[in-house]
Protein chains: 2
Amino acid sequence: MPRKDAVQKVTGEALYIDDYSYEGMLYAAAVRSPHPRIRIRSLSDSKAKKISGFVTLVTTRDIPGKNAWPLVTEDYPFLPGKESRFAGETLALTVAETPEAAARAAQAVEVDFTELPHVTDPFIALGKNSVKLHGPDNVFSRYVIQRGEAALVDSDVMVEGTFSTSYQVHGYLETQGAIAFPEPGGSMTVYGSMQCPFYVVDAVAQALGIGHHQVRIVQRTIGGAFGGKEDVPALVAAHAALAARKTGRPVKLIYSRREDFLSMSRRHPSWTRISYGAKEDGSLTACRVRYVLDAGAYSTLSPIVLWRGAVHAAGPYRIPNVFIEAYAVATNKAPCGAFRGFGQPQVCFANESLIDELALKLGMDPLEFRIKNALREGDRTATGQVLRGSCGLEEALVRVREASGWSRRKRQARRSSGKIRKGIGVSANFYGVGLGARGRILDRAGAQVQVLKDGTVLVSVGNTEMGQGSLTVLAQICAEALNAPYEAVRITEVDTSRVPDSGPTVASRTTLMSGNAILNACEPLKERLWTAAKELLVRQGSDIQSEMQAFSGRFRIGTYSVGFAEAAKECWQKREKMAEHGWYAAAPTSFDARDGQGDAYSTYAWSANVAETEVDMETGEVRVQKVTSAHDLGRVINPMTAEGQVEGGVLQGIGYALNENLVYRDGILLNPNFTDYHLPSTAEAPEFKTILLEHGYGAGPYAAKGFGETPLIGVAPAVANAVCDATGVRMPQLPMIPETVWSELKKNAEDK
Amino acid sequence: MPRKDAVQKVTGEALYIDDYSYEGMLYAAAVRSPHPRIRIRSLSDSKAKKISGFVTLVTTRDIPGKNAWPLVTEDYPFLPGKESRFAGETLALTVAETPEAAARAAQAVEVDFTELPHVTDPFIALGKNSVKLHGPDNVFSRYVIQRGEAALVDSDVMVEGTFSTSYQVHGYLETQGAIAFPEPGGSMTVYGSMQCPFYVVDAVAQALGIGHHQVRIVQRTIGGAFGGKEDVPALVAAHAALAARKTGRPVKLIYSRREDFLSMSRRHPSWTRISYGAKEDGSLTACRVRYVLDAGAYSTLSPIVLWRGAVHAAGPYRIPNVFIEAYAVATNKAPCGAFRGFGQPQVCFANESLIDELALKLGMDPLEFRIKNALREGDRTATGQVLRGSCGLEEALVRVREASGWSRRKRQARRSSGKIRKGIGVSANFYGVGLGARGRILDRAGAQVQVLKDGTVLVSVGNTEMGQGSLTVLAQICAEALNAPYEAVRITEVDTSRVPDSGPTVASRTTLMSGNAILNACEPLKERLWTAAKELLVRQGSDIQSEMQAFSGRFRIGTYSVGFAEAAKECWQKREKMAEHGWYAAAPTSFDARDGQGDAYSTYAWSANVAETEVDMETGEVRVQKVTSAHDLGRVINPMTAEGQVEGGVLQGIGYALNENLVYRDGILLNPNFTDYHLPSTAEAPEFKTILLEHGYGAGPYAAKGFGETPLIGVAPAVANAVCDATGVRMPQLPMIPETVWSELKKNAEDK
């Protein structure tokens, strides 16, 4: 089925947040902190007032509610009162009649402050004598997962390594933006570019001190998000809402790209010290991981990002003894947050790099070694969870081996020499679908389905389309459930007043959660439609006892048939209830905070990647030529969007592996733009070979699982393994920009 | 409970349709026909094109769908292709960058036409040789209701009379207006001032040739409607949508007050020839009615208006023999339509005037005569319907007799003489609640109720707030059903994509229909809330076996108690489904088109009015000093809004009785403004004495019935009866403007 939103996005017909304006609308701009940590003495708008069109300055005094953004913890104020903790933090908002006046006024606001000592390195932050940003040790969050013996017992062979990764930004099309529209009676509607409208409800209600029934959040078309519009839009929306509340007029707040770079969430830099042990026969015996994330100035989503990383840190393998400890540490930089993969790509780079080292040490083919140890049905994960089925990893590895011509390529690579060297590498990964035990309470979703009197169908969900294709997949699920034509199904814009809090649109949970909620809503509707169709067929002359077939939008008994629209109209003639709310709460999960044991996720997606690269030995440049990847996502609802997810995820993974990097100097970001921050383009796109596997998940809609994030996770280690295959040198950090690769090659040559 | 929207309406915080604008929005204006009937040869925008800001002319060629407004019949084109049928009809639309340019362009469009013969008097239209506008006889619709013997059998006394009424306009605050917003993929959202958003869906979908799932209609705050925003907003919205479709930009279309007067619906002028027969003991034996409505150029809602008038034409009395025939006739004037009372006030003026004549002839007190004949439980109406209960007419008459000091006042009036004469008059009426048998298919409504995680409640319905207080009453019903605090309940703006087609907001059906749909949605939510509350109380220490009390927003067992919000939060902790759609289809009704027999409505509201007037014998001026009215509306959900309905209805009824009149000369309206069309103001307001009676309707929400329209219906005849009481002269027509009254007094004096 074609994407529901394809044409309008390609033609430019789709409207994004900045395409909307309202009568009497004002514009807000942020006054931002110039230093990593300051004590604010005062803010003055006396110069700003001289700017034509300036309306007001919004400060902490204009927050009628609680000045604390409700996230996992409430350490992040909507506006800092006394102390600002990162360069780029919003200190106040100017409001003016034009965006230009607002921006000029923001520059003109005088901030009287003193610089405070700051810390930007998490290992310094962990030190006893560090500046303290959070608690006694600057640790926002820590987890331990312990299974079996803590030591690397029973191991014939051991490997150990330290791996680090840097920042990655989401690179979504349009920057953060919101329009707050004050409604009568103190209510507030906010339109914006966002993934998680219900987080925005929480924030706007808390900032304004009003009930959730007074807050309505509407998602506008969004040009990609990748986690970057998970939490942050709530802050942007709250700021716009505070300005709208103060002025009584609609207020638009749109970030410049520079502002977006300075203040928005990004993928956490990480340090992973990891060791694996194995028997001589190649069976893994033990894994130890120490995983540290640089969380930035406020906690935001770090506890959850860290948890997902920790749960997956040992890799998708059968390992009896596991000890994982994980930390998220406070520093004076912009808070890191959600990003496709959510704490997994960092640690996957470490474990999948080291698994290759272990195979090498054991003299085994790294792909075969992975197949040998791959988690299968009945095995236990690092958290002790017994896998009850839907485990496609082994097949994924086998299929990429075949599809990539692994052995032949491996031999070719081994022969490569000279300036340009070819290599091939593999990686395996898994991905717990949904929020899992750490987000259990939020792991529910609603949907409403209405069959209209002309035989069309309107669906509302609480999870958002952000480019991943949910509009399309959910429409297909609904059409299938009701036997309605796909074209007759429309998904409305997400509006928090339409469906109950359906949790965030993250964690590849939309197909599973919203899909199941739609099916739940369809059940009683289906019954009424089937009854009406049968009655019409009997009226046509068919036998009442005969079984009715329902497919392709028609209902049939023998040669008699009626269409979906006729059945729907008949239901309306009978004045039947043709609208239903549906609901789905994820299957039970558990996690014991003491030892990290439990059923962390209700199901997992599985992937294997083979990357083929060329390395320029003189410049350190790496080029990815082909990525063959296989993915078990359960039932594939829409192969085209699934392939799109793979290709986008692989390319974003290549950017993460090779190019993308934020550079800070003493807490100040040096490259807040797309000239100096290099996103991969189609010019860097490799040949894609995508294999979709369907190890169905019984509790999923039509046995589907989730899939948005998995394609990215294993790309960087597959590339690193290929680079190592080509050069013989293990790359210990991401991104593998030419200078880093060149340095490593040089160091290695010198060591020899 | 205070009105939910009171403060925002009084402070001006409420936003009406003209308060909204969108980026890139254009403005439309109507090109209107200058004559009652023309043949259109061509339209030219060559002069309009010279106006700066002119964008385009929208004509029949720009209608991608079907050029027929879907109402009861489809005789009204969105834009007339060849023939226009009334002066003021929209022939085409100009679209421009400013409203001023659009209006100037509309004036500049050259219409090449020829005048055609026209007819403006329905009795001429009924003649054989008349111009034919509809079918062979210009009759849009006709009904016959026949019960018992057609002749006035068994009557000792007979009276007969002919009564006529003129136009009344709704006088809502803001004129007709809509903004059409084109959405990606050919969809269309229209915001507007309207009573019946689902009618607008039908029209916009048909005009654009798209599915209902592609059309979303949102009601904006509305400053009164009274039926004037029942059907017409669909035409306004369709025009705006056609302009938006053609230009690809949002288009606003707002009528000037003059345009509104020229083209909008209004109360049908009527002619009623009526006779009653009674026995000497004062029991009614027979009634014959011939009821003719001047429907205007197109059928619109006339068939339904006529039906309601016909069903109620014999009055709220026990009459064994009834013969009613009713006609709606086409003429070349703006189509008449819905107006508070919907075909009843006209015929009620006739029957209640004549009932007084009959009482006079029998030598009985007119109030006692009504009590004697009033319909009671077990009686049959004119359509043969047996009343199964909830009949408060007798009590209403008894209560107004007492509260008005009827006998004493009557004696005082009898003594009045000289220039200013006092009189007192009574009337009785009933009102079938909801759409009844003629609108049975539409008589259903949906609602959705969501209990949010902070313990607030969001309700969406398909019926609109138009000043009648539905926001307040429905919030009370929901709060009561869930044991939630009233303040925690919010009703969202009506948006057709939120709830299924809930029929029109007319016929005083909102409390009954949407109220019951809300109760239906609350049932499963209540069960979950009660269970959670009980669990919390047991956790507090209360006995699991004890019965729980739920009232005033708290749940109690003995001394333990939890609030509604706590119970709601507990449900969310349990990940319970906290949103439900509710549905209600009205109780069965029937109507046999052959003899007009059947259960026309599922229940009736009942009213009695006593009016006290002063008549200036020299000028013919009538002043209403006091209206005492009693109303059986079933359970009174909100006494304050109910009293507001009575006071507003009575004052509008006084306007209908004494002031309001559209004056046409040969099909051209002479007074299209509020200077020449006189609405009563608070200066004309009488003393109101309101009595609310609660003869509960078992199937209503908390036994409530509907109530919006009844207060107006009986006012004019009560005033006319008081005028007759004061002057001895029977007024045969409305409005009783001074010149008419003076003429009647003079004629009567001359006759003597």
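The values are calculated or read from the model by the stated rules, or taken from the named source; none is laboratory data. Predicted model only: the values in this text are computed from it and were never measured. Here Cβ is always computed from backbone atoms with ideal geometry, including for glycine, and neighbour counts include all displayed protein chains. Note: accessible area is taken over every heavy atom of the protein model, side chains too, but ligands, DNA and RNA are not part of it. Shrake-Rupley method; radii C 1.70, N 1.55, O 1.52, S 1.80 Å.
On the Cα set of the stretch A:411-509, report Rg and Dmax in Å, please.
Calculated on Cα positions, Rg and Dmax stand at 21.4, 71 Å.
Taking N as the number of residues in chain A, what is its alpha-carbon radius of gyration divided by 2.2 N^0.38 Å?
Working it through for chain A, the quotient is 0.99.
Considering amide H positions built from the backbone, and no H for Pro or chain starts, which residues 5 or more places from B:Tyr664, or on another chain, come under 5 Å of its amide H?
Sorted by chain and number, the residues that satisfy this are B:Leu670.
In 5 Å bins starting at zero, report the fraction of Cα pairs in the stretch B:558-714 per bin as a rounded %.
Percent of Cα pairs in each bin: 2, 7, 11, 11, 11, 11, 11, 11, 9, 6, 4, 3, 2, 1, 0, 0.
Leaving out ligands, DNA and RNA, what percent of the accessible area of the protein assembly as shown is carbon and sulfur, probe 1.4 Å?
Carbon with sulfur: 49 percent of the solvent-accessible area.
What helices does chain A have that are whole DSSP H segments, at least 20 Å long along their own axis by Cα, and with mean Kyte-Doolittle hydropathy of -1.0 or more? Walk me through the numbers before you get to the answer.
Values: long enough: A:232-247 (23 Å, 0.92); A:344-362 (26 Å, 0.29); A:510-540 (41 Å, -0.02); A:639-658 (28 Å, 0.32).
Qualifying helices: A:232-247, A:344-362, A:510-540, A:639-658.
Rounded to the nearest 100 Å², what is the sum over both chains of accessible area buried where A meets B, with a probe of 1.4 Å?
Interface between A and B: roughly 5100 Å².
Remind me, what semi-axes does the stretch A:1-117 give for its equivalent ellipsoid, largest first in whole Å, using sqrt of 5 times each Cα gyration tensor eigenvalue?
Equivalent ellipsoid semi-axes, largest first: 32, 21, 13 Å.
Extent of the stretch B:551-612 along each principal axis, from alpha carbon coordinates, in Å, largest to smallest?
60, 40, 22
Between B:Gln625 and B:Glu368, take the C-beta separation as r, use R0 = 25 Å, and let me know the FRET efficiency to the nearest 0.05.
Rounded to the nearest 0.05, the efficiency is 0.65.
Rounded to the nearest 0.05, what FRET efficiency do B:Glu97 and B:Arg142 have when you use their Cβ-Cβ distance and R0 = 56 Å?
For R0 = 56 Å, the calculated efficiency reads 0.70.
Report the paramagnetic label zone for B:Leu173: residues of the stretch B:635-669 whose backbone N is under 16 Å from a point 7 Å from Cα along the Cα-to-Cβ axis.
Counting only backbone N, you get B:645, B:648.
Heavy-atom accessible area per residue, chain B, 1.4 Å probe: how many Å²?
For chain B, the solvent-accessible area averages 33 Å² per residue.
Please report, in cubic angstrom per residue, the volume enclosed by the convex hull of the alpha-carbon atoms of the protein assembly as shown.
Numbers: hull volume 319.8 nm³, N = 1504.
With only Cα atoms used, the protein assembly as shown gives 213 Å³ per residue.
Tell me, which residues of the stretch A:207-250 get at least 40 Å² less accessible area when the other protein chains come in, versus the chain alone (1.4 Å probe)?
By number: A:His212, A:His213, A:Arg216.
Using alpha-carbon positions, what is the distance between the centroids of the stretch B:275-322 and the stretch A:639-698, in Å?
Taking the Cα centre of the stretch A:639-698 as reference, the centre of the stretch B:275-322 is 76 Å away.
How far apart are the A:Asp751 label points across copies, placing each 7 Å from Cα toward Cβ, in nm, shortest first?
Listed shortest first, these distances are 12.0 nm.
Once the convex hull of the C-alpha atoms of the stretch A:444-585 is built, how many Å³ does it hold per residue, rounded to a whole number?
Hull volume normalised by residue count: 99 Å³.
Measuring from a point 7 Å out along Cα→Cβ, what nm distances, shortest first, does A:Phe674 have to its partners in the other copies?
5.3
For the stretch A:645-697, max minus min Cα coordinate along each principal axis, in Å, sorted largest first?
Reported extents, whole Å, longest axis first: 49, 29, 14.
With unit charges on the beta carbon (Lys/Arg positive, Asp/Glu negative), name the residue among A:Tyr20, A:Ile518, A:Ala203 whose Cα is farthest towards the positive pole of the charge dipole of chain A.
The residue sitting most towards the positive pole is A:Ala203.
For chain A, what's the relative contact order in percent, using C-alpha pairs closer than 8 Å and at least 6 residues apart?
Normalised by residue count, the contact order of chain A is 15 percent.
Taking the simple approach of a point 7 Å from Cα along Cα-to-Cβ for both B:Gln540 and A:Met640, what is their distance in nm?
5.8 nm
Would you please put B:217-223, B:716-722 in order of how densely packed they are, using the mean number of other Cβ atoms within 10 angstrom per residue and starting with the highest?
The densest-packed peptide leads the list: B:716-722, B:217-223.
Give me P(r) over the stretch B:240-396, computed from all C-alpha to C-alpha distances, binned every 5 Å, as integer percentages.
Cα pair-distance distribution for the stretch B:240-396, in percent: 2, 9, 15, 16, 15, 12, 9, 7, 5, 4, 3, 2, 1, 0, 0.
Starting at the first residue of the stretch A:609-625, write each ³J(HN,Hα) from the Karplus equation 6.51 cos²θ - 1.76 cosθ + 1.60 with θ = phi - 60°, in whole Hz, x for Gly and Pro.
3J(HN,Hα) across the stretch A:609-625, in whole Hz: 10, 10, 10, 10, 10, 10, 10, 8, 5, 8, 10, x, 6, 10, 10, 8, 8.
Magnitude of the Cβ-charge dipole of the protein assembly as shown, K/R +1 and D/E -1, about the Cα centre, nearest 20 debye?
280 debye
Ranked highest first by the average count of other Cβ atoms within 10 Å around their residues, in what order do B:310-323, B:158-171, A:601-614 fall? Spell out each step's value before the answer.
On the way: B:310-323: 25.4, B:158-171: 20.7, A:601-614: 28.7.
Result, highest mean Cβ count within 10 Å first: A:601-614, B:310-323, B:158-171.
Per-residue HN-Hα couplings for the stretch B:20-28, Karplus 6.51 cos²θ - 1.76 cosθ + 1.60 at θ = phi - 60°, whole Hz, x for Gly and Pro?
9, 9, 10, 3, x, 6, 10, 10, 10
Can you give me the distance in nm between label points at A:Glu523 and B:Lys574, each placed 7 Å from the Cα along the Cα-to-Cβ direction?
Distance between label points: 1.7 nm.
Non-local amide H neighbours of A:Tyr604 (under 5 Å, H modeled in plane, Pro and chain starts lacking H): which ones?
HN-HN under 5 Å from A:Tyr604: A:Val433.
To the nearest whole number, what is the average tally of beta carbon atoms from other chains within 10 Å of the beta carbons of peptide B:573-580? Walk me through the numbers before you get to the answer.
Details: counts 1, 3, 10, 4, 10, 6, 11, 5.
Mean shielding count: 6.
Suppose the chain between A:Lys419 and A:Glu83 were pulled fully straight at 0.36 nm per residue; how much longer would it get relative to their current alpha carbon spacing? Don't skip to the end; give the middle numbers.
Numbers: separation 336, 0.36 × 336 = 120.96 nm, distance 5.33 nm.
Extra length from A:Lys419 to A:Glu83 when fully extended: 115.6 nm.
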